[in-house]
1. For the residues B:Val12, A:Val80, what sequence is obtained by ranking on other C-beta atoms within 10 Å, fewest first?
2. Please report, to two decimal places, log10 I(q)/I(0) for the range B:16-95 at q = 0.11 Å⁻¹ as given by the Debye formula with identical point scatterers on the Cα atoms and no solvent.
3. Cross-link candidates for A:Lys56: which aspartates and glutamates have Cα within less than 15 Å, leaving aside residues fewer than 8 places away along the same chain?
4. Given the peptides A:5-18, B:26-39, arrange them by the average over their residues of other C-beta atoms within 10 Å, most packed first.
5. For peptide A:98-104, what's the mean number of Cβ atoms from other chains within 10 Å of each residue's Cβ?
6. Could you give the dipole magnitude of the protein assembly as shown about its Cα centre, charging the beta-carbon of Lys and Arg +1 and that of Asp and Glu -1, in debye to the nearest 20?
7. FRET efficiency for A:Arg67 and A:Glu8, Cβ-Cβ distance as r, R0 = 25 Å, nearest 0.05?
8. Over the Cα atoms of chain A, how large are the radius of gyration and the largest Cα-Cα distance (Dmax), in Å?
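Just so it is clear, none of the values below were taken in a lab; they were calculated from the coordinates. As the structure is a computational prediction, the values presented were derived from the model and not from experiment. Neighbour counts run over all protein chains shown; Cβ positions are idealised from the backbone, glycine included.
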Amino acid sequence: GNSVTQMEGPVTLSEEAFLTINCTYTATGYPSLFWYVQYPGEGLQLLLKATKADDKGSNKGFEATYRKETTSFHLEKGSVQVSDSAVYFCALSSQAGTALIFGKGTTLSVSS
Amino acid sequence: GAGVSQSPSNKVTEKGKDVELRCDPISGHTALYWYRQSLGQGLEFLIYFQGNSAPDKSGLPSDRFSAERTGGSVSTLTIQRTQQEDSAVYLCASSYGTGTYEQYFGPGTRLTVT
C-alpha cells in the first residue's frame, strides 16, 4: 500500500541555519505530495505542494521538489527562524479527493 | 471566508459513554474528511465523504465509530462506548473534491477518555 516515511526528530537548529527534512514515499501511479505544518497549539496548515514529477513547491522560504526517480520530497529552507519551530508532516494523496497519507511528523526546534 | 470549524475544542468523557464531535466545513467544499492524531499512531484517516456518494469508511478502527454528513455540509463523528485508547485529537478537513487535492484542516477536538 501507499506510505510516507520521514526522518525522525526532533531536529534542533540555531537561527539562520540550513534545514533539510527528508521524506520518501511509496505509491502506485502518480501521487500528489504535500508538506503540512503544525505550529504549537494550532491546527494543520498546508505549507506547500507538488502535483507532478519535477514540480517544485515553495512557500515562506521553504521548498520541496517532487523527485520521482528517488521517490522523495525533501523539505528545505536556507535560513530558519525561531518562528519556524513546529511539527512538519509530509503527506501524499494518490488521486483527487482521497484521504491523505501522512508521515509521522518531524519536530523542528529553532533557537536564537 | 471562514475556515473549517470543529466543536467542542475539548471533551473529557468517562469510559463507556458515547460522544459526538461536530465539523463545519468550508462553504462550497464538497469533500469532508475525519482524521485522528494520537501520540502512538500519528495522523490516521478515519472516514471520507464526497458529495452524495457513499462514504469511504475504510479507516474507521471499529464499529463503535460512525459518522454522518447532513445536507452535504455539517458532519458528526460519533464514538460509542468510548475506550481509553480513543483518547486523541480528532481532526476534520474539507476540500473542493474532485479536481483538487488541497485539504483544509480545522483546529481539532481533543478527546480524553478517563
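1. B:Val12, A:Val80
2. Taking Cα atoms of the range B:16-95 as identical point scatterers yields -0.26.
3. Qualifying aspartates and glutamates at Cα under 15 Å: A:Glu69, A:Glu76.
4. B:26-39, A:5-18
5. That average works out to 6.
6. 340
7. 0.75
8. Values for chain A (Cα only, Rg and Dmax): 13.4, 43 Å.
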